[in-house]
Structures are given as C-alpha cells and as structure tokens.
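Participant: Can you read through this structure? Questions will come right after.
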Amino acid sequence: MTIRNRIAFQFSFIVAGILICYSLIIYVRSDNYRQTEFFDRLEQRARTVVRFLTQVEELDRNLLRIIDRKTLITLYDQKVMVFDSGNQLLYSSIDVDSVTIPVSVLEQIRQEKIVRTWMGEQQLFGLYAPEGPQPLTVVATAYDRSGQAELRNLRRTIVWSLLGGIGLTVGLGVLFAGQSLRPISRINKQVSTINARSLQQRLDEGNRQDEVAQLAINFNQVLGRLQQAFEQQRTFISHASHELRTPLAALKSELQLSLRHPLPADQYQHILRNLTDDTDRIIDLTNSLLVLARTLETPKLQVQHIVLLDDVIFMARDELLNAHPHYRIDVRFSDLVASGEHPEVRGDELLLRRMLLNLFDNACKYSADQRALVYIAQDSNTCRVSVTDEGIGIAADQLPQIFDPFYRADNARSHDGYGLGLSICKRIVELHNGHIDVTSQPEKGSTFIVVLPTSPTATF
Ligand code: ADP
C-alpha cells in the first residue's frame with residue numbers, strides 16, 4: 001500500500017469513527033427522548049381517566065370512551081384499561097377487549113405504583129390509584145407511530161449522511177495526501193536520476209522551510225560530501241599512479257639500457273644497485289599507500305592496548321636511527337614524566353610508532369642539522385608529544401594543506417618524499433581520539449604537536 005493511500009485510509013478511518021460515534025449518540029438520545037415523551041403522554045391519559053372515574057361519578061362510561069377516542073386520536077392503536085383489585089376490567093377505551101394484559105404486569109403495577117414498560121412494539125404505562133372508592137389499576141398502551149416514523153427518518157438521514165461523509169473523507173484524504181506527498185514524489189524522481197557520474201546534481205530545496213525541504217537540504221549535503229569523497233578518491237588514485245609510474249619508468253629505462261649492449265661487470269653492479277634503490281622506493285610508496293588506505297577505511301581501532309608512550313617514542317627513534325645513523329633525536333620529559341610517571345594511552349602501538357617515526361623523520365629530513373627535539377608532557381587527561389626542528393619550515397599559506405594526501409610544500413620538493421606521511425599521521429591520531437597541530441616559520445623551523453587522551457579516560 002502506498003503512503004498516500006495509507007494516510008488517506010487512516011485519516012478516513014478516524015473521521016468515520018468520530019462520525020459514527022456522534023451519529024450513535026444523536027440516535028440514542030433522540031430515541032430516549034421520544035420514549036420518555038410518549039410515556040409522559042400515556043401517563044397524562046391514564047391520570048385523566050382515573051380522575052374521571054373517581055371524581056366525576058355521574059360520568060357515563062360510554063361518554064368517557066368517546067372522549068378517550070377523541071383525545072387519543074393522535075396516539076396509534078391506543079388503549080386505556082382500568083382494572084379492579086380482582087383484575088376485572090372496569091373500563092376499556094376500546095369496544096372489543098382484544099388486548100389482554102398479563103396478570104403479572106397488573107401485579108407489578110400494584111406493587112410499584114407506576115410502571116413504564118414495553119409490550120411488543122407498544123409502550124405501556126401502568127398506574128395504581130388506591131385513593132378512590134375502590135383501588136384502580138390503570139393501564140395505558142399505544143404505539144408511537146409518528147415517533148417511530150421520525151426515528152426511521154432520522155436513521156435514514158444518519159446512514160446516508162454517514163455514507164456521504166465517509167466517501168467525501170476518503171476522496172479528500174486521497175487528494176490531500178497526494179498533494180502533501182507530491183514534493184516527495186518530485187524528490188524521488190530527481191534522486192533516481194543521480195548516479196556516481198552525476199554527483200554534482202542537487203535536489204530542488206523548495207521553500208527551505210518544511211520537512212520535505214529539510215530532507216532535500218540534508219540530501220544535498222550528503223551529495224556534497226559524497227562528491228567531495230569521490231573527488232578525493234579520484235585525485236588520490238591519479239596521484240598514486242603518478243608516483244608509482246616515476247620509479248617504475250626509471251626502473252624500465254635502466255633495464256633497457258643494460259640490455260642494449262653487453263657491459264662490464266662493475267656497470268652491471270651499478271645498475272643493479274640503482275634498480276634496488278628504485279624497488280625500495282616503490283615498496284616504500286606502496287607500503288605508505290596501504291597504511292593510509294587501511295587507516296582511512298577503519299572507522300574504529302581494531303587493536304586497543306595500554307601503550308606506554310615514552311617506550312614507543314624510543315622505539316621509533318631507534319628504528320629511525322638504524323636507517324639513518326647520522327640523524328639526531330633528543331628526547332626530553334616534563335617534570336611529571338621524569339618523576340617516573342609513564343604517559344599511558346590506549347591504542348595500537350604499531351600505528352603510534354609509525355606516526356611518531358614519520359614526524360621524527362620529517363624533522364630530521366627537512367633541517368640542515370638533521371636534528372629533532374622531542375618533548376613529552378602529560379596532565380590528568382592528555383599526553384602531549386611535540387617534535388621541533390630548526391629546518392626549512394612551511395609557508396603560512398601552505399600550512400593548511402600539508403595534511404592532505406600527496407601534498408608537498410614548494411620548499412620540500414628537493415627532498416625525497418611522496419606527501420603521504422602527514423596524512424597517515426593525522427588519521428592515526430584521529431583514530432586515537434587525539435589531534436595534531438603544527439606551528440612553523442619558513443627558514444626557522446617547525447613544531448608538530450600531538451595530543452592524545454590518557455589511558456583511563458580514553459574512550460574508544
Ligand atoms: P613527505 O615528507 O614525504 O613529502 P609528508 O606528508 O610527511 O610527506 O609531509 C607533507 C609536506 O609537509 C612535506 O612535503 C613538507 O612540505 C611539509 N613538511 C612536513 N614536515 C615538515 C617539517 N618538519 N619541516 C618542513 N616541512 C615539513
């Protein structure tokens with residue numbers, strides 16, 4: 001069932017329920033009123049007859065019957081009967097005594113003094129009048145023809161009005177539901193035309209006020225983010241293939257060169273060394289790409305251990321110094337750390353080591369003295385690691401981009417690198433719920449600051 005039909009159906013169901021309730025109340029109240037009013041008329045009649053019979057002794061009963069017939073003309077099939085205490089009929093408003101009143105009813109009247117009841121379709125009013133020369137039991141019965149006709153008419157009116165009202169509600173419900181949902185159908189149509197190649201398309205945001213417009217606005221924002229992610233991915237792939245092509249092309253040309261003529265053994269040695277260097281560069285690059293891809297696609301850390309940050313810093317330092325023994329990395333601690341407190345964080349030791357190694361490597365790589373100063377501090381909630389160098393620095397206008405994959409500042413082009421290290425660092429720090437910042441001045445040096453939550457309060 002479509003939403004439009006469901007809304008129309010529910011709406012009609014509710015309205016029909018309300019209409020039926022009101023109609024029932026009106027019908028029942030009208031019927032009650034009619035019954036009461038008719039009983040009152042019968043009572044009046046019964047009391048008049050009693051008065052005539054007990055107070056006007058000389059009144060001829062035939063005359064009373066004639067009066068009865070004249071005055072009761074409006075009541076249909078009406079009878080007034082008076083019984084003595086032995087249930088003998090003393091007076092009847094009709095000639096033939098075709099109606100028999102059950103003795104039980106007469107007994108009930110004597111007991112209860114006044115009885116209002118039904119005998120088949122007829123309403124019956126019973127009155128016990130003990131005040132005259134002899135106790136009389138008066139029974140007035142009649143069929144409320146005009147009342148019943150009015151009731152039938154009311155019933156017909158109610159049924160037809162209900163049918164008409166419900167039909168109208170269903171029709172209007174379908175119409176209004178369709179009208180209210182039209183913007184959604186429009187959005188639906190627009191969405192169905194969007195695919196990976198048309199992410200620049202946007203939905204019509206209408207009046208920008210109602211819920212549907214809000215949906216369109218949110219959807220457009222999602223489209224914007226998707227478009228950005230797709231573009232980033234496209235740039236990433238083109239950068240990655242470009243970076244891989246350069247060492248591969250160098251590798252190929254060296255191989256071709258060595259195949260052209262037979263060469264002396266020492267030249268082959270030289271070429272093979274170059275080939276090994278190029279292969280190392282390719283392995284480096286693919287490793288970095290792999291790490292970046294893995295950290296980017298991981299929404300949450302898989303491995304979470306307590307990691308002693310000072311130990312990891314020394315491990316990263318040793319690893320870097322093994323590869324580049326001429327680098328210098330000085331590590332200093334704040335008072336708190338120096339007093340024996342280990343700065344602890346929760347997370348992945350391998351990733352943290354890789355992040356710190358990148359920062360140390362950059363600091364040494366981009367400074368003439370190839371020296372980095374590492375400072376560790378902690379407070380109750382956070383650990384801070386800053387890596388400072390006195391190297392080439394970064395121009396202020398290029399600072400915001402240095403964490404983007406493959407971005408390299410202009411003054412760094414003469415140094416080896418692919419522009420992936422810092423984007424990996426940033427992602428690793430984010431996975432540990434921390435943040436990374438940089439301050440730098442060209443020709444003066446840079447300081448990278450990593451802040452991580454300490455272990456007990458770290459939330460993953
Ligand atoms: P790579 O060093 O391989 O180029 P990174 O992602 O590690 O890639 O760094 C991105 C860029 O940020 C570098 O190319 C360089 O321009 C700048 N940068 C990073 N660290 C430093 C630093 N310590 N001093 C100066 N520039 C730096």
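Participant: Could you list, in sequence order, all residues of the stretch 418-444 that are in a strand (DSSP E or B), more than 9 Å from the ligand (Cβ to nearest atom) and polar (S, T, N, Q)?
Facilitator: Matches in the stretch 418-444: Thr439, Gln441.
Participant: Tell me which residues, restricted to the stretch 407-417, are of a type in the set (A, V, I, L, M, F, W, C) and either in a loop (DSSP other than H, G, I, E, B) or farther than 14 Å from Ser446 by Cα (or both).
Facilitator: Result: Ala409, single match.
Participant: Here is a check on your reading of the model: is Arg182 charged (D, E, K, R), surrounded by 14 or more Cβ atoms within 10 Å (Cβ to Cβ) and under 60 Å from the mean Cα position of the chain (by Cα)?
Facilitator: Values: charged (D, E, K, R): yes; surrounded by 14 or more Cβ atoms within 10 Å (Cβ to Cβ): no; under 60 Å from the mean Cα position of the chain (by Cα): yes.
Criteria not met by Arg182.
Conditions tested, residue by residue: (1) modelled with pLDDT under 95; (2) within 37 Å of the chain's Cα centre (by Cα); (3) basic (Lys, Arg).
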| residue | (1), (2), (3) |
| --- | --- |
| Asp410 | yes, no, no |
| Arg413 | yes, no, yes |
| Leu422 | no, no, no |
| Ser440 | no, no, no |
| Gly445 | no, no, no |
| Phe448 | no, no, no |
| Thr459 | yes, yes, no |
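Participant: So which of Tyr407, Tyr366 ends up being more than 19 Å from Ile306 (Cα to Cα), surrounded by fewer than 20 Cβ atoms within 10 Å (Cβ to Cβ) and near the ligand (Cβ under 8 Å from one of its atoms)?
Facilitator: Result of the check over Tyr407, Tyr366: Tyr407.
Participant: Checking the structure you have, find out if any residue of the stretch 378-389 is within 13 Å of the ligand (Cβ to nearest atom) and more than 47 Å from the chain's Cα centre (by Cα).
Facilitator: yes
Participant: Could you go through the stretch 199-219 and let me know if any residue there is of a type in the set (S, T, N, Q), outside any loop (DSSP other than H, G, I, E, B) and surrounded by 15 or more Cβ atoms within 10 Å (Cβ to Cβ).
Facilitator: Among the residues of the stretch 199-219, not one is of a type in the set (S, T, N, Q), outside any loop (DSSP other than H, G, I, E, B) and surrounded by 15 or more Cβ atoms within 10 Å (Cβ to Cβ), which makes the answer no.
Participant: Quick test for you: out of Leu357, Leu452, pick the one residue that is more than 10 Å from the ligand (Cβ to nearest atom), within 19 Å of Pro343 (Cα to Cα), among the aliphatic types (A, V, I, L, M) and without any contact (Cβ under 8 Å) to a residue 60 or more places away in the chain.
Facilitator: Testing whether each residue is more than 10 Å from the ligand (Cβ to nearest atom), within 19 Å of Pro343 (Cα to Cα), among the aliphatic types (A, V, I, L, M) and without any contact (Cβ under 8 Å) to a residue 60 or more places away in the chain leaves just Leu357.
Participant: What's the number of the only condition in (1) on the phi > 0 side of the Ramachandran plot; (2) at pLDDT 95 or above; (3) near the ligand (Cβ under 9 Å from one of its atoms) that Ala372 fails to meet?
Facilitator: (1)
Participant: Give me the pairs: first residue in the stretch 222-246 and in contact (Cβ under 8 Å) with a residue 12 or more places away in the chain and surrounded by 13 or more Cβ atoms within 10 Å (Cβ to Cβ), second residue among the aromatic types (Phe, Trp, Tyr) and not in a helix (DSSP H, G or I), beta-carbon distance under 7 Å, and six or more apart or on different chains, which are they?
Facilitator: The qualifying pairs are His239/Phe406; Glu243/Tyr418.
The values are calculated or read from the model by the stated rules, or taken from the named source; none is laboratory data. All of these numbers come straight from a predicted model, not from anything done at the bench. Here Cβ is always computed from backbone atoms with ideal geometry, including for glycine, and neighbour counts include all displayed protein chains.
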